[in-house]
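S.K.: Structure incoming, see below.
The values are calculated or read from the model by the stated rules, or taken from the named source; none is laboratory data. Because the structure is predicted, anything quoted here is derived from the model rather than measured. All Cβ positions, glycine included, derive from the backbone under ideal geometry; neighbour counts span all protein chains shown.
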Amino acid sequence: MPGGRAESTAPEAWNLSFMTLQWVGDIDGSLHILDQTLLPERQQQRILERPSDVIEAIQQLAVRGAPAIGVAAAYGLCLASRGCEQIEQVRARWDAALIPMRQARPTAVNLQHMVDRMNRVATSPAAAELDGVSLRVRLLEEARAIEAQDQHFCRAIGVAGADLIPEGATVLTHCNAGALATAGQGTALSVLYQAWRNGKRFRVLADETRPLLQGSRLTAWELQKSGIPVDVICDGAAGSFFQAGEIDLVITGSDRIAANGDAANKIGTYTIASLARAHEVPFYIAAPSSTFDLNIDSGSEIPIEQRSTAEIWSLTGQKKPLEGIGYRNPAFDVTPASHIAGWITELGILQPPFEEIRR
């Protein structure tokens, strides 16, 4: 069947030896992801051929990070009409996939933004004039454009924030906001990659990030591959490092940023930001403009995903939760804007009310 380009655009990331996600083939191609549930023990691809495969991978955190799941969702919608030629069938499958894809995870707004962007193309006046194959080609082009834009944003975020890293500094980060979380070289880690590329030398402390250990499993693995010195610390140990004066700067990513600057990120980020504020250490958020949700006034309106409690008790080796004990597992918390020194974006280091994004 005729279709779009056969090649996939590779991210220009910092010294990467892995590909987080990649579309392989033309309009009847498939989405290949690095299965992050297997890292760091195994570096294995998972091939996704249906929208349900992409939704499952997003919910399982096989592909994760706000920008990356936005890109994955765009490609996942292209999979809906795989093998279809008739416009009626293309549109029926598109409509069936749209809402489940948009609802795959509730907190990260990039996913919703990219699904909506794809749907604007699918429902545009120009699309109404296309046959089934031509519409599929156009949708794949848009998904590729979303991927390329994320790569550009990642590089620009790195350039915007690199000068914040002092020579010889110790930088704390939480969760993973690197190439594994994007289609490019990351958000928070992009700042570190660019600073290192500019000749700065520093070390990184990576919170292990319980309960799924994205810091110890993913951030440390990624930084080690890039040659940047990194030490993993327990989440509960961060306070002692602040108290000892060992932390000079904190940079994390974000999954959704409200109009006032409140930012949702992996659970535990608010604790780190509060410690940073108490010890007068600058705390920065690094995120693309697609992570901003200017339709909500504050972080109190950000939906917080509640994940399976098995993620908590299974880590202790239990096969089932202990009787009479409750477990609660919010995936994110919200850091108030008052705790954030600046928002590092592809447009520069911003402050509320974010007029640069509103334009």
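S.K.: How many residues are surrounded by fewer than 23 Cβ atoms within 10 Å (Cβ to Cβ), in a helix (DSSP H, G or I) and in contact (Cβ under 8 Å) with a residue 40 or more places away in the chain if we restrict to region 59-78?
M.R.: Residues in region 59-78 being surrounded by fewer than 23 Cβ atoms within 10 Å (Cβ to Cβ), in a helix (DSSP H, G or I) and in contact (Cβ under 8 Å) with a residue 40 or more places away in the chain: 1 in total.
S.K.: What residue, among those in region 215-259 that are more than 30 Å from GLN112 (Cα to Cα) and aromatic (Phe, Trp, Tyr), is surrounded by the most Cβ atoms within 10 Å (Cβ to Cβ)?
M.R.: For region 215-259, the residue satisfying everything is PHE242.
S.K.: Looking for whichever is among the polar types (S, T, N, Q), in contact with a Pro (Cβ under 7 Å, 6 or more places away or on another chain) and crowded, with 21+ Cβ neighbours inside 10 Å here; the options are THR309, THR335, THR345. Which one fits?
M.R.: Of the residues listed, the single one that is among the polar types (S, T, N, Q), in contact with a Pro (Cβ under 7 Å, 6 or more places away or on another chain) and crowded, with 21+ Cβ neighbours inside 10 Å is THR345.
S.K.: Could we say that GLN36 is outside any helix (DSSP H, G or I) and of a type outside the set (Val, Ile, Thr) here?
M.R.: Yes; evaluated as a whole, the condition is true for this residue.
S.K.: Can you tell me which residue within region 312-332, out of those that are among the hydrophobic types (A, V, I, L, M, F, W, C) and surrounded by fewer than 19 Cβ atoms within 10 Å (Cβ to Cβ), is nearest to LEU275 (Cα to Cα)?
M.R.: Going through the qualifying residues, I end up with ILE312.
S.K.: Condition first: surrounded by 15 or more Cβ atoms within 10 Å (Cβ to Cβ), under 18 Å from the mean Cα position of the chain (by Cα), among the polar types (S, T, N, Q) and within 20 Å of LEU180 (Cα to Cα). Can you find one or more residues in region 86-108 that meet it?
M.R.: yes
S.K.: Within region 195-209, which residues are without any contact (Cβ under 8 Å) to a residue 60 or more places away in the chain and not acidic (Asp, Glu)?
M.R.: Answer for region 195-209, where residues must be without any contact (Cβ under 8 Å) to a residue 60 or more places away in the chain and not acidic (Asp, Glu): ALA195, ASN198, GLY199, LYS200, ARG201, PHE202, ARG203, VAL204, LEU205, ALA206, THR209.
S.K.: So, one more: May I ask you to list the residues in region 175-200 that are in a loop (DSSP other than H, G, I, E, B) and more than 10 Å from the chain's Cα centre (by Cα)?
M.R.: As a first pass, look at region 175-200 and keep what is in a loop (DSSP other than H, G, I, E, B): 175-178, 182-187, 198-200.
Selection gives CYS175, GLY184, GLN185, ASN198, GLY199, LYS200.
S.K.: Considering every residue within region 311-320, establish whether at least one is touching a residue at least 60 places away in the same chain (Cβ under 8 Å), under 23 Å from PRO106 (Cα atoms) and in a loop (DSSP other than H, G, I, E, B).
M.R.: Looking through region 311-320, none of the residues is touching a residue at least 60 places away in the same chain (Cβ under 8 Å), under 23 Å from PRO106 (Cα atoms) and in a loop (DSSP other than H, G, I, E, B).
S.K.: Mind checking whether some residue in region 159-178 is crowded, with 24+ Cβ neighbours inside 10 Å, among the small types (Gly, Ala, Ser) and closer than 23 Å to LEU31 by Cα?
M.R.: Step one: filter region 159-178 for residues crowded, with 24+ Cβ neighbours inside 10 Å, giving 161, 171-178.
From the residues that got through so far, the ones that are among the small types (Gly, Ala, Ser) too are 161, 177-178.
Among the residues that remain, those that are also closer than 23 Å to LEU31 by Cα are: 177-178.
Yes, region 159-178 contains at least one residue that is crowded, with 24+ Cβ neighbours inside 10 Å, among the small types (Gly, Ala, Ser) and closer than 23 Å to LEU31 by Cα.
S.K.: Mind checking which residues of region 255-276 are among the polar types (S, T, N, Q) and either assigned to a strand (DSSP E or B) or under 14 Å from LEU294 (Cβ atoms) (or both)?
M.R.: Listed by number, the residues that qualify are ASN260, ASN265.
S.K.: I would also like to ask the following. Name the single residue that is nearest to ILE87 (Cα to Cα) among those in region 125-154 being among the acidic types (Asp, Glu) and surrounded by 23 or more Cβ atoms within 10 Å (Cβ to Cβ). Talk me through it step by step, then tell me what you get.
M.R.: As a first pass, look at region 125-154 and keep what is among the acidic types (Asp, Glu): 129, 131, 141-142, 147, 150.
From what is left, the residues that are surrounded by 23 or more Cβ atoms within 10 Å (Cβ to Cβ) are 147, 150.
Working: GLU147: 25, ASP150: 30 Å.
Ranking the candidates gives GLU147 first.
S.K.: Continuing with the same structure: For GLU41, state whether it is surrounded by fewer than 16 Cβ atoms within 10 Å (Cβ to Cβ), modelled with pLDDT of 95 or more, acidic (Asp, Glu) and outside any loop (DSSP other than H, G, I, E, B).
M.R.: No; evaluated as a whole, the condition is false for this residue.
S.K.: Going residue by residue through region 292-299, is there one that turns out to be of a type in the set (Val, Ile, Thr), within 22 Å of the chain's Cα centre (by Cα) and crowded, with 21+ Cβ neighbours inside 10 Å?
M.R.: From region 292-299, those of a type in the set (Val, Ile, Thr) are 296; that's our starting set.
Okay, now just the ones that are also within 22 Å of the chain's Cα centre (by Cα), so 296.
Next cut, crowded, with 21+ Cβ neighbours inside 10 Å only: none.
Among the residues of region 292-299, not one is of a type in the set (Val, Ile, Thr), within 22 Å of the chain's Cα centre (by Cα) and crowded, with 21+ Cβ neighbours inside 10 Å, which makes the answer no.
S.K.: Are any of the residues in region 155-163 over 15 Å from the mean Cα position of the chain (by Cα), more than 15 Å from ALA286 (Cβ to Cβ) and not in a loop (DSSP other than H, G, I, E, B)?
M.R.: The answer is no; no qualifying residue exists.
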